[in-house]
Structures are given as C-alpha cells and as structure tokens.
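Asks: Quick one: the structure is below, and I'll ask about it shortly.
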Amino acid sequence: MPGLARRQFIGGLDIGTTKIIAVVAEISPSGYPVVKGLGECAAIGIRKGSVTDGTSLTKVIDQALKEAQDMAGEKVASVYVASHVVKQLTDQTNIVDEKLIESIKEVGLKIQETLPAIVASAQAVLTDTQKNIGTVLVDIGGTITEIAVFDQGLPKYTATLNVGCDHISSDLAVCLRTSIREGERIKKLLGLEKTEPQLQLEVSSVGGHEKRKVPASAALDIIHSRVQEIFELIQKELNDQFRLEALAGGLVLTGGGALLRNVVKHANSQLNLAKVEIGIPAKLSVPKEQWQSPIYASSLGLVMYGALKSFRCSDRLSGWRGVINRFI
C-alpha cells in the first residue's frame, strides 16, 4: 500500500513599517494554502522604510516566526518575503535593503523570493478579472501608502507615498494635546463618519492624569484633513500616469487604512474612479476570522503566491494540468 503524501508547508514573512508578520501555511491538494499559524510583533529597527537596527529587527522577526510556528506545530526553513522596504518595482528587479536580507538570514531562514508588499496584497484581494480590466490597489499602512495599477493581469505601475494611518493618530495627538495612544483610539472611534454637532469626546491629557472634553467635530476635522491629503496624493500620482476613467476595475483599498469608518464613501467622493471597495483576503482558509482583514492582505497574499508557485512546480502536476502549467 503506497504511503501517504508528504504534507507540504510554506512560510511567509511580511516586513511592514509598523508590524512584522510571519505566516505558516499548509499547501492543500488543490494548491491553495491553509493557514496554520500567524505571529506578529511591532516593527523595531525600521524607520521610514529603511533598516536602522539590524539586531533589533532580527529579534522581532525571530519572535514573530516562533509564534507562527508554535501555533502551526510546524517549522519552515524558507520564506517568501513581502517588504515595504522595496524601493522600486521594475519589470525584473526589486531593490531590497541588504540589512533586511541579513536579518532574515540571521534567524536561520532561506529567502525563497522577495516581492513588494503591494504585489503580495494583490494576490490575496484582487480577482483575475480585476487584474485584467485595469484596477488600482492602494494599501494604506502605518507610515506609508503603496499604490499599484494592475492591467492585463500584471502590475503595470507601482508607487509609494510617505504618509499613512499613523500620521492621523499623530495629528490628533498634537492638535488635541494628548498621547499617540489616545489619538489612535479616537481615530478608530470616529473614522470619517459624521457626528452630532453637540457630541463631546473625553480625552486624556499627555501623561494620562487629567481628562477633558473636546468637540468630536474638531477631531473629525483633523482626521478628514489628513485623509484628504492622502487621497489627493494618490490622485496626483495616478493622474500623472493614467486616464483614471479607463481603469474599469476602480479602486480597491486594503491595509490598516481600509478599516477607517466610512473611508469608501470618502474615497468615492474624492477620486474619479469607476468604483471603490475594500479588499479583504477571503480566498484562503484561516482558523481565525479576524485574520480575514485588510491588515493581513500582504501577509496572506505571500503564502498564496508561494503555494501557487510551489504547486505549479510540483511533481503532482500531471496530465492536462501539467500541459496547462507549461503555458502559465
């Protein structure tokens, strides 16, 4: 009696500007990944998209990896890497910080392949149709916003803006004379939704010893101002390269910024695109519902990308599947 097929696992490592996320997934017989473990840590040793402290970065990578492997009950020797530290995407070349590569190798991992995080996100949240008809994918992260335009199945253009969700929290902290943590709380509470004119927010002062009331409308104006700037920069970047009305797939928002309340309506009113929607990584199996979030788009897209590549190269492909694989 023939033995059972050996289980095949794959690793993904998403190096964000605010978070490091490791994913361990099993490749199913159909070629799709089944996520078994996910670990995340605050990013340390990275500033403005560059590695500033390789030792600290190595430690948090190791911590996130161990968390994912412990949850999965499996270890991985190699990983696909999505990096927000990628400086440029050309047809053939990704420019990645060498210190980042060193930090990953330091924890004993082989790098299977690196790709821009926005391309990994697309794997998780865009359909083949969206990639073919012309779609803008925007990942609003903590300190940067990444843009990619897909057409005819490929990323035709990418760009990075040095502004993200954390800037909203910082603006609130400065203008309301409170802490970054309070700014983050207010951002999540209000988002971009209209409030009653008389609504007051209780805000902790810096240090957290005293509390005072501020008009919710004032906080909302601060959030609107920064989000408007982000979308103006997106629009300018796209207008310089494309006729937006020709992009039939419209705009797909992902990353932490996609969770802002009412962000779709706001983007719709500001950008001249066919439609705007939230990109959720719902194309793969995960054990926890909260992982099917725009926050994890690039992390989960990594293992989708790697699983598909591994499956296509696998000896399991035979017959008509093997023939088709030679042409895709």
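Asks: What residue among Gly301, Gly207, Gly12 has the largest mean-square fluctuation in a Gaussian network model of the chain, using Cα springs under 10 Å?
Replies: Gly207
Asks: Distance cut-off 29 Å, Cα to Cα: go down the list Lys110/Lys187; Lys66/Lys309; Lys19/Lys213; Lys59/Lys236 and report the pairs above it. Numbers along the way, then the final one.
Replies: Details: Lys110/Lys187 39 Å; Lys66/Lys309 24 Å; Lys19/Lys213 32 Å; Lys59/Lys236 39 Å.
Check vs 29 Å cut-off fails for Lys110/Lys187; Lys19/Lys213; Lys59/Lys236.
Asks: So, taking all protein chains as they sit and a 1.4 Å probe, how much accessible area belongs to Cys175, in Å² rounded to tens?
Replies: 80
Asks: From the P(r) of the stretch 201-270, can you give the percent of Cα pairs sitting at distances over 18 Å?
Replies: Of all Cα-Cα pairs in the stretch 201-270, 54 percent lie more than 18 Å apart.
Asks: Determine the per residue accessible area of the chain with all protein chains present and a 1.4 angstrom probe, expressed in square angstrom.
Replies: Here the per-residue accessible area is 50 Å².
Asks: Rounded to two decimals, what is the ratio between the C-alpha radius of gyration of the chain and 2.2 N^0.38 Å?
Replies: Working: Rg = 20.9 Å, N = 328, 2.2 N^0.38 = 19.9 Å.
That ratio works out to 1.05.
Asks: Could you tell me which residue out of Ile168, Gly11, Ser204 lies farthest along the dipole of the chain toward its positive end? Charges go on the beta carbon: Lys and Arg +1, Asp and Glu -1, centred on the Cα centre.
Replies: Gly11
Asks: Can you tell which of Ile180, Ile168, Ile140 shows the greatest fluctuation in a Gaussian network model of the chain with Cα springs below 10 Å?
Replies: It is Ile180.
Asks: When the accessible area of the stretch 213-264 is split by element with a 1.4 Å probe, what percent falls to carbon and sulfur?
Replies: 46
Asks: In percent, how large is the relative contact order of the chain, given Cα pairs closer than 8 Å and 6 or more residues apart?
Replies: For the chain, the relative contact order is 19 percent.
Asks: While we're here: Tell me the net charge near Ala72. Cut-off is 13 Å between Cβ atoms, Ala72 excluded, with +1 for each Lys or Arg and -1 for each Asp or Glu.
Replies: +1
Asks: Under a 5 Å amide H to amide H cut-off, with H placed in plane at 1.01 Å, what residues pair with Leu201 once short-range neighbours are removed?
Replies: Val214, Ala216
Asks: Something else about it: Using the Kirkwood radius over Cα pairs, work out the Stokes-Einstein diffusion coefficient for the stretch 231-317 at 37 °C and 0.692 mPa s, in µm²/s as a whole number.
Replies: Rounded to a whole number, D works out at 218 µm²/s.
Asks: Can you give the alpha-carbon Rg of the stretch 1-82 over 2.2 N^0.38 Å, where N counts its residues? It would help to have the intermediate numbers written out before the result.
Replies: Numbers: Rg = 14.7 Å, N = 82, 2.2 N^0.38 = 11.7 Å.
Relative to the 2.2 N^0.38 Å estimate, the stretch 1-82 comes out at 1.25.
The values are calculated or read from the model by the stated rules, or taken from the named source; none is laboratory data. Here the structure is a predicted model, which is why all the values come from computation and not from measurement. Using ideal geometry, Cβ is built from the backbone for each residue, glycine included, and neighbour counts are taken over all protein chains shown. Please note that ligands, DNA and RNA were not included when accessible areas were found on the heavy atoms of the full protein model with its side chains. Shrake-Rupley method; radii C 1.70, N 1.55, O 1.52, S 1.80 Å.
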